[in-house]
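All remarks here apply to the structure that follows.
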Amino acid sequence: MALYTTDLLILGSGPAGYTAAIYAVRAGVDVTIVSGNQEGGQLTMTSTIENFPGFEEISGFELMEKMKQQAIKLGAKFINDHIVEVDFAHRPFICSSENGHSYKAKAVIVATGSSAKWLNLPSEKKYLGYGVSACATCDGFFYRNRTVVVVGGGNSAVAEALYLATLAEKVILVHRRHKLRADKILQDRVFENRKITVEWDSVVEEILGAEEPKKVTGIRIRNVETDAVREISADGVFVAVGHQPNTDIFRGNLVLDSKGYIVTHENSSATDVEGVFAAGDVKDPKYKQAVISAGSGAIAAMDAINYLDTVA
Ligand code: NAP
């Protein structure tokens with residue numbers, strides 16, 4: 001059990017956290033990044049990124065590794081740990097980790113991002129890890145030449161479907177409406193891909209499976225227009241129905257909105273606690289793009305630098 005003392009503690013290692021670190025260390029601030037339980041954040045689960053300026057095509061893992069190395073090279077300390085409790089009522093702020101370590105800081109940037117949502121079906125829970133997944137990049141490999149289902153109609157679902165189509169024989173995209181929410185360029189790629197079919201206006205009522213070996217065998221879907229129910233055979237189900245902010249530990253410490261996102265002052269990263277700032281998806285219910293998270297991290301760093309100047 002160690003006690004770490006730093007001027008600026010950054011919680012989270014996605015584009016917001018690393019960019020904040022890069023800006024703050026370059027301003028001469030003593031910075032410690034605590035990674036969170038998924039080093040590199042959600043982008044590490046994205047196979048190909050084509051919309052981060054400067055990189056025509058790069059994997060999410062590689063992009064995050066580059067950001068990490070840049071922050072460390074400039075002087076940021078990086079610790080692989082996960083904060084489970086915060087005390088923002090006293091100064092210096094104290095954050096405690098699952099490994100029993102304590103982090104004392106004059107200022108904190110919360111960049112803990114968001115996590116995938118689930119359908120909340122009992123059968124989804126039952127077959128999680130046995131054919132049900134929320135990460136095509138992690139688990140797609142197991143479905144080479146097989147049939148997979150992707151649930152959702154946003155950029156995540158469409159990106160997962162396109163990635164899976166490079167491995168699987170058949171990809172069935174199940175969307176609850178008749179129009180995808182995803183970017184047009186990605187939609188066009190889906191419609192042009194002969195391996196991908198779309199089940200429109202449909203919701204997954206149950207994930208079907210077998211025991212010994214425990215595995216997914218298909219889904220039961222209901223058409224919300226006609227109420228018709230059908231079973232479709234499949235070997236895997238990838239759920240991509242959006243995200244929720246990782247803010248459980250801040251409940252009671254920071255003001256959150258009705259969906260759990262951290263509320264910040266207008267045109268600022270400042271939260272209701274002076275000296276605590278928020279950046280990236282954890283405060284962004286709308287845009288959620290890597291490049292925007294990076295920009296948001298830069299804003300938080302600049303706000304934190306100004307704050308630290310006033311308390312130095
Ligand atoms: P999203 O844009 O919120 O889309 C979620 C999708 O899941 C929607 O199509 C939604 O249907 C559907 N959905 C939600 N709850 C459902 C439920 N209970 N049952 C069935 N379907 C459900 O989330 P996302 O796709 O994860 O994207 C999140 C953010 O990351 C977005 O801002 C997105 O642009 C960004 N992103 C960008 C890229 C990129 O390459 N640019 C890649 C991935 C993600 P409705 O459409 O009916 O609401």
ask   = Of all the residues that make up region 27-51, how many are more than 16 Å from Gly12 (Cβ to Cβ) and at pLDDT below 95?
value = 6
note = Exactly one of Ser102, Ser114, Ser97, Ser133 is more than 28 Å from Gly252 (Cβ to Cβ) and hydroxyl-bearing (Ser, Thr, Tyr), and that one is Ser133
task = Kindly indicate whether Leu186 is more than 25 Å from Thr226 (Cα to Cα), without any contact (Cβ under 8 Å) to a residue 40 or more places away in the chain, in the same structural domain as Ala234 (by TED's automatic domain parsing) and within 15 Å of the ligand (Cβ to nearest atom).
result = yes
Residue list for region 258-283, filter: crowded, with 21+ Cβ neighbours inside 10 Å and under 17 Å from the mean Cα position of the chain (by Cα) = Ile262, Ala278, Ala279, Gly280, Asp281, Val282, Lys283
query = So which residues in region 112-164 are more than 10 Å from the ligand (Cβ to nearest atom), under 30 Å from Ile33 (Cα atoms) and in contact with a helix residue (DSSP H, G or I) (Cβ under 8 Å, 6 or more places away or on another chain)?
reply = Thr112, Gly113, Ser115, Ser133, Cys135, Ala136, Thr137, Cys138
request  = Please go through region 77-91 and pick out each residue that is in a strand (DSSP E or B) and either more than 23 Å from Tyr23 (Cα to Cα) or among the hydrophobic types (A, V, I, L, M, F, W, C) (or both).
outcome  = Phe78, Ile79, Ile83, Val84, Glu85, Val86, Asp87
request  = Identify, from the list Phe88, Phe61, Phe78, Phe55, the residue that is away from the ligand (no atom under 16 Å from the Cβ), open to solvent by 20 Å² or more (accessible area, probe 1.4 Å) and of a type in the set (Phe, Trp, Tyr).
outcome  = Phe78
key: Lys195 vs. criteria touching a residue at least 40 places away in the same chain (Cβ under 8 Å) and more than 9 Å from the ligand (Cβ to nearest atom)   = no
ask   = Tally time: how many residues in region 42-52 are near the ligand (Cβ under 9 Å from one of its atoms), assigned to a loop (DSSP other than H, G, I, E, B) and either surrounded by 17 or more Cβ atoms within 10 Å (Cβ to Cβ) or in contact (Cβ under 8 Å) with a residue 12 or more places away in the chain (or both)?
value = 3
ask   = In region 239-257, what residues are away from the ligand (no atom under 12 Å from the Cβ) and either touching a helix residue (DSSP H, G or I) at 6+ places or on another chain (Cβ under 8 Å) or open to solvent by 40 Å² or more (accessible area, probe 1.4 Å) (or both)?
value = Asn246, Thr247, Asp248, Ile249, Arg251, Gly252, Asn253, Val255, Leu256, Asp257
query = Among the residues of region 209-248 satisfying the criterion of being in contact (Cβ under 8 Å) with a residue 12 or more places away in the chain and among the basic types (Lys, Arg), which is nearest to Lys179 (Cα to Cα)?
reply = Arg222
remark   = Selection from region 208-228 of residues open to solvent by 40 Å² or more (accessible area, probe 1.4 Å) and away from the ligand (no atom under 16 Å from the Cβ) yields Glu211, Glu212, Pro213, Lys214, Lys215, Thr217, Thr226, Asp227, Ala228
ask   = Just checking, how many residues over region 183-207 are surrounded by fewer than 19 Cβ atoms within 10 Å (Cβ to Cβ) and under 12 Å from Tyr127 (Cα atoms)?
value = 1
Filter result for Lys179 (more than 10 Å from the ligand (Cβ to nearest atom) and open to solvent by 60 Å² or more (accessible area, probe 1.4 Å)) = no
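The values are calculated or read from the model by the stated rules, or taken from the named source; none is laboratory data. Computed from a prediction, not measured in an experiment: that's the story for all the values here. We place every Cβ from the backbone using ideal geometry, glycine too, and count neighbours over all the protein chains shown. Heavy atoms of the whole protein, side chains included, go into the accessibility calculation; ligands, DNA and RNA do not. Shrake-Rupley method; radii C 1.70, N 1.55, O 1.52, S 1.80 Å.
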